[in-house]
Structure formats: structure tokens, C-alpha cells
1. Using Cβ contacts closer than 10 Å as the measure, can you line up Arg56, Arg106 from fewest to most?
2. Considering only C-alpha atoms, what is the centroid distance from region 167-220 to region 498-521, in Å?
3. What translational diffusion coefficient, in µm²/s and rounded to a whole number, does the Stokes-Einstein relation yield for region 383-428 at 4 °C and a viscosity of 1.567 mPa s, taking the hydrodynamic radius as the Kirkwood radius over Cα pairs?
4. Semi-axes of the equivalent ellipsoid for the chain, please: Cα gyration tensor eigenvalues, times 5, square-rooted, ordered largest first, whole Å.
5. On C-alpha positions alone, give me the angle between the axis of helix 7-19 and the longest principal axis of the chain, in degrees, nearest 10.
6. Report the far tail of the P(r) of region 95-153, meaning the percent of Cα-Cα pairs longer than 19 Å.
7. By DSSP, what percent of the beta bridges with both residues in the chain are antiparallel, rounded to the nearest 5?
8. Would you mind getting the Kirkwood hydrodynamic radius of region 406-521 from its Cα pairs, rounded to one decimal in Å?
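Any read-out appearing in this document is the output of simple, stated calculations on the displayed coordinates, not a laboratory observation. Keep in mind it's a predicted model, so treat the numbers as computed, not measured. Reconstructed Cβ throughout: ideal geometry from the backbone, glycine too, with neighbour counts over all protein chains shown.
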Amino acid sequence: MKVKLRPSSLLLLTSVLLSTSIFAKNQSVDIALDTHSPGSTLNKDIYGQFMEHLGRGIYEGIWVGEDSPIPNKAGYRLDVLKALKELKVPLLRWPGGCFADEYHWRDGIGPRESRPKTVNSNWGGVIEDNAFGTHEFFTLAEMLGADTYVNGNLGTGTPQEMADWLHYMTSDAPTTLVEQRKANGRDKPWKVDYFAIGNEAWGCGGNMTPEFYTSLYNQWASFAKTPQDNRPIMIASGGTDDSTVWAETLLKGVKPSWNIRMEGISHHYYTLPTGKWDVKGSSTGFAEDLWFSTLQQTLKIEDFIQANVAVMDKLDPDNKVGFYVDEWGTWYDVDEGTNPGFLYQQNTLRDAIVAGLNIHIFNRYAERVTMTNIAQMVNVLQAMILTDGEKMVLTPTYYAFKMHIPFQDAQSVPVKLSVEPSYQFNGQSIPALSASAAKALDGDTYLSLVNTKVDEPITINLSDIKQASGWLLSSPNMDAHNSFDKPHNIEPTAFNAKVKKGKSEIVIPAKSLLVLNLGKL
Ligand code: AHR
């Protein structure tokens, strides 16, 4: 049967075809990599993770106990361990967050059956049985080969309690505390790579002013002693969002001396789709307005980092103090039917795009931003992994981090775009293309690209390259995600572009993250 098209139908069909990616001319961008002027080293800890005693982040998500029917090794669930090993997690921050300022470390050592039960007053008021404590944390870090970041309790602890914890963890002296650690099963001291004095001092950590906290920091840091050859990087709790006053007050008020060190200032920024805490937006089932606003909100972090780095460059010109974004990521309304105190949310392609954009920004400021932690690793906020009983799924954010493994400890390579395409929505505009490049430890140069647009591909032109193969994470659906019923719904696919005489023209699909290995340049 032949179908005859009337001229008006032909016109409609032509205009539809022209507006689709097959026939429409994509925006084309030449990308130049300046391999001769390498930038800063991208400290692997930029890709760090945060694990707090919050909801099912640790209990069930990582730790199930030795007697659990869920397959485990000494209490750590095997599926999650395997996934985290494959992610090459460089750094773990523990035990909080807000939880840290009410955590008494002695509750979490010794035989598990005699550890006290306490209330987790920040997160759902649930009973904390302290089964996961200092030894369990360091064992996990050792199993993963990850650096360690311990957050001390300034809010409800004492300088003595903090000093004792540091001594217990780091000393080899024949003291009663060290004997206790040995009796609890750990002979050698651990390496605490980073140690923070308090968390969010402006909020859950004690509602302090920057001046008051700065005085406390001076006092507490004076007693936070460790052996000379086993010293953590000492971190002060800093500001949030657009605030620069915390960095400024701390840098002016903490004068390093023989017994005070401040080598990092922390900063927190969460991406809320609506920008409002009362109704943040949901993790799935959103329309383009919330796709766009989420990316717009997340990109603000660049201004916040820039403003703080400007203050720090003035007050610390020798770059002795790092700017650590030790909590970042998306924060949505909790998924329906889940405990509001557990901060459980699904994780979609939108989260992977958020992760890619943030990673690119951190890479750009890597001289100062040498460590960050996404919040949080398992079952909480923008998680890498979600679990439900014995089931586990890997999220799009997990894959975004996995695709960036070659960037760990790589040398950043400046990237120039011939034009900066924009993504316009409802009269507002954000960049449509984001890029970051680095020469990895294997000698190859990697290029990471994000196309933020919902329905338009972008063409890029590369020259002087050897190859262009890697991984693409994309989907026709903005909220594509992996559920326990469909655990492989969205995963990276292998991507191979043709390279002829060192040149390649590559179409980056709409809403996608692409990481390419360009070979040895
Ligand atoms: O990551 C969840 C919470 O967010 C942390 O406990 C706190 O530091 C921040 O407010």
C-alpha cells in the first residue's frame, strides 16, 4: 500500500526532521588542549567520599555485622566492598557531619556486645549501637586502600577527649591508651591523613560566630597533639554557600605556631533543585525546569570557590592552607515512604551530570582545592551505591566517579573552547558544554566533557590526538536511574571515535558525560 503525502504534511515532516539531531546542524566547538603548559596536580583526594552515621549509610549500607545473612567479610558487605574497590575510593571521611559533634569515640571501641547504646539525635533519633567504631573505620579504609579523614567532636566533647582519640589512633608510645588499642586488636598506629576540629560550627556544630569558633580552634588545636612522624593535616570548620567570612576570620585569627596548625579550611555546599530548603524537589519524575535549575544551582559553586580562593590568596599567598569542599552534592526531598531523617534519594542521570560539572570545577581550582568529599557514599543523599536488604545497585554518580579514575593524581591540562555554547531555558542561560583534561599517571591524556542540554547534541573538533576512545553515560530520559528491579538501566557504554591524521569530529549526545582517552600527546 502506498501512502500519498499532501504538501502540508510534507512541510510538517520536513520541519520535524530538520529540528532533530539527524538533520539539524549541531553547534560545533574546536577544543584545544595546551599540553605544553601543564596545570596543577589533581590530588586524588579531590575525588573523596563521605560516610556518616546517618540512616542506612553505614549500617546496612556498608556494615551488616558478621552474623548477617547478607554475604560479608568480617561484617562488611561483600558486594559493596567490591564496588568500592573498583571505584578506587581515594579518601573516606568519617564519622560525620553533624553526627561528629555528638560522637564520643570511646563508645565505639572494645567488644561490640559491651558498647553503649546511644541516640542518634541528628538523624531520625534512632538507636546507635556503636558496632561501627574507630577500628571498623580504619579496617575499611585499609581494605579499600583509602586515605582517612576523621572529624573530631568539638560540639559536645572536650579538648582532652579529642587529644586522647588522636593519641589512641596515632601513637606508638607505651601508654595505657595505646595498650588499650593493642588489646582491642590493633598493634600499629593508624595513619590519620586529615583531622577536623568540629563540623559546621555555624549550625549543627554549635551555632557559633566565626570569631568564637576561631578562638576555640586556637585553644583546641593547641592540644590536638600527635607524634611528629604521624601528623594529620589539621582542618578548621569553615563556611557554607557564598560565605567567605569563615575563611577570612580563620586566616586572620589562627596564627600557626609550634603547637597550632591549620592546614585546611572546610566548606559545604549542597545543590537543591529549587534552591529552597522547605521544598527542594524530587529525585525522579522532574521536568526540564528542574533539570535546568539543578544544574544552574550546582554551577554556583564555582563563584563560591572563586570568592574564597581570592580571600585565601590574599591572606595566605604561599598557599599553605587548602580549601576543602568536604561536603557537596545534590540534596532532594527524601523519597516517598522513607524515613525523613535518613536522607535517602534516588540517583539519576541528572546527578551524574552534576558530578561531572563539580569535578570539572574542582579540577580548575586544584591548586587550592586539594580535597573534597561528595555526600554521601552509600544510601544517603547523592550516593554511589544504593542497597535494599541483600540487593545493591550502582548509581549514575558511581559511574561518573568511575569514569574519572584516570584523573586521580593526574596533571591537569588547560582546555580552550573556540566558542562557549549556551543552554537557554525560560530566559536564563547556563554553559552547554563543560570540559576538563589531564595527563594521567599512565602518560595518556584524558578529556572529560559534559553536554548539559536536554535535547541537542554538540559537535567537538579535536586535533593532534592519537585516539579518542572511552566511556559515554547518557540516556533519552532525564531521570534515567537504576532501581532494584532494573539495576542495569543506565550504565556507561564504550565510545570509539574515528581519528584521521590526528583529527576527530565527535558528536556529544544531549545530556551526557563523556570521558575520552586521547593517547600520549
Ligand atoms: O550530609 C548531611 C549533613 O549535611 C551533614 O551531617 C552536615 O554536616 C550537613 O549539614
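1. Details: Arg56 20, Arg106 16.
Result, fewest neighbours first: Arg106, Arg56.
2. Cα centroid to Cα centroid, the span is 47 Å.
3. Working: Rh = 14.6 Å.
Answer, rounded: 89 µm²/s.
4. Details: eigenvalues 356, 136, 95 Å².
Listed largest to smallest, the semi-axes of the chain are 42, 26, 22 Å.
5. That works out to roughly 30 degrees.
6. Numbers: 536 of 1711 pairs.
So the pairs more than 19 Å apart make up 31 percent of the total in region 95-153.
7. Working: 52 of 88 bridges.
The antiparallel fraction comes to roughly 60 percent.
8. Details: mean 1/r = 0.0654 Å⁻¹.
Final number for the Kirkwood radius of region 406-521 is 15.3 Å.
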